[in-house]
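The structure appears right after this line, and notes come after that.
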Amino acid sequence: MTKQAFHTATICSTTLLLSTMSVCTWSMPSAQAFSHQYTPGIVAPTEQVQVIYYRAAEAIPTNGAANVYVDREFHSGLLPGGYTQFCLAPGKHMLSSYLNDAPRYMGKTGKVSDAHLEAGKTYFYRVDASNPSHSVSQSIAESELRGSRLQVQALSRASYVQACGHTASVKSATVRDYTLSGDVLFDFGKSGIRDITREGRDAIRALAQQLLEDALVPRRIDVIGHTDPVGTATANRVLGLNRARTVRSLLIEAGLPANKIIALSAGSSELLVVDCAGSRAEKVACNAQNRRVEVRVDQGVNRP
């Protein structure tokens, strides 16, 4: 992926641009790309709008992730059988999703009508190649959501997305993971502080700001570098550690406590996507999801 790939911290589509033609490869995502199964009947907070955007399971998977946009800003990339759940303030919003989105990123410029969303209600949207803003009834959605799993959520770039009140009000001492795309943070094979992209710096600053705004005193923050399987295990572990150290430095620079942050490396031992095939370029594109830095926050108590 290039620097223009603004989807910071997403389960990225496996798309590589060659000349003027988009070439995609597909590899089955591992279980680590998803969390718990969908539970029907989740009630929306009374003062917020709840949105559940999902992508139905596919017998023959379509290439890449479906990029979901909220008010023309990237929110998530959905794989088959995945869903994302979030809240918004009541009012008019534009919700859309696109398959094979690169390089045009239609969610930023495409023509999508505003939807007037009311407080206390849950709205269901399904990824549809022929309709970028396909709303469905709760009964249809929940029948199609059976067996669907929550997509491992990366840091959303959609500024109007809110944490839902029914979960945000309870800040227990749990572990929360945030994922930053390695291809957004660094050019391929790079890891140093001078190698980090402008988009990467923005993503790290946004994450630090989110953690500071949550007003939590973390017990520990692990920054874990992950690589793709290209190269030796030893080289990958070193690359992962160097990237983690760079991200740690920028988190500290953004205001997080240095004594709480530890840089670690998993190398290529915890892959989200396996069995990538094809040419070298296709393998690099397919492995994009594996190149990532995870920030794992062991949450403490609220600040007084």
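Rule-based calculations on the coordinates, nothing more; no lab input. Since the structure is predicted, the reported quantities are computational estimates derived from the model, not experimental observations. We place every Cβ from the backbone using ideal geometry, glycine too, and count neighbours over all the protein chains shown.
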Practice task
Return the distance in nm (one decimal) between the two label points of a simple spin-label model at residue 162 and residue 232, each offset 7 Å from Cα along Cα→Cβ.
Solution key: 5.4 nm
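Any chance you could run the full-extension gain for residue 140 through residue 201? It's 0.36 nm times the residue separation minus the Cα-Cα distance, nm to one decimal. Can you show the working numbers first?
Details: separation 61, 0.36 × 61 = 21.96 nm, distance 4.11 nm.
Between residue 140 and residue 201, full extension yields an extra 17.8 nm.
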Problem - Stretchable slack from residue 43 to residue 131, in nm (0.36 nm times residue separation minus alpha-carbon distance) - result: 29.0 nm
Fill in the blank from the handout: Net charge near residue 271 (other residues with Cβ under 12 Å of its Cβ; Lys, Arg +1; Asp, Glu -1) is -1
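Counting Lys +1, Arg +1, Asp -1, Glu -1, what net charge surrounds residue 45 among other residues with beta carbon under 15 Å of its beta carbon? Write out the running numbers ahead of the final one.
Values: positive: 121; negative: 47, 118.
Once all neighbours under 15 Å are counted, the net charge is -1.
Between residue 210 and residue 277, 0.36 nm times their residue separation minus their Cα-Cα distance comes to what? Each step should come with its number before you reach the end.
Details: separation 67, 0.36 × 67 = 24.12 nm, distance 3.73 nm.
Difference between extended and current length: 20.4 nm.
Once the other residues with Cβ under 14 Å from the Cβ of residue 81 are scored (Lys, Arg +1; Asp, Glu -1), what is the net sum?
Working: positive: 55, 126, 146, 149; negative: 58, 144.
Charge balance near residue 81 sits at +2.
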Practice task
Just grab the label-to-label distance for residue 176 and residue 115, each label 7 Å out from Cα along the Cβ direction, in nm (one decimal).
Solution key: 2.5 nm
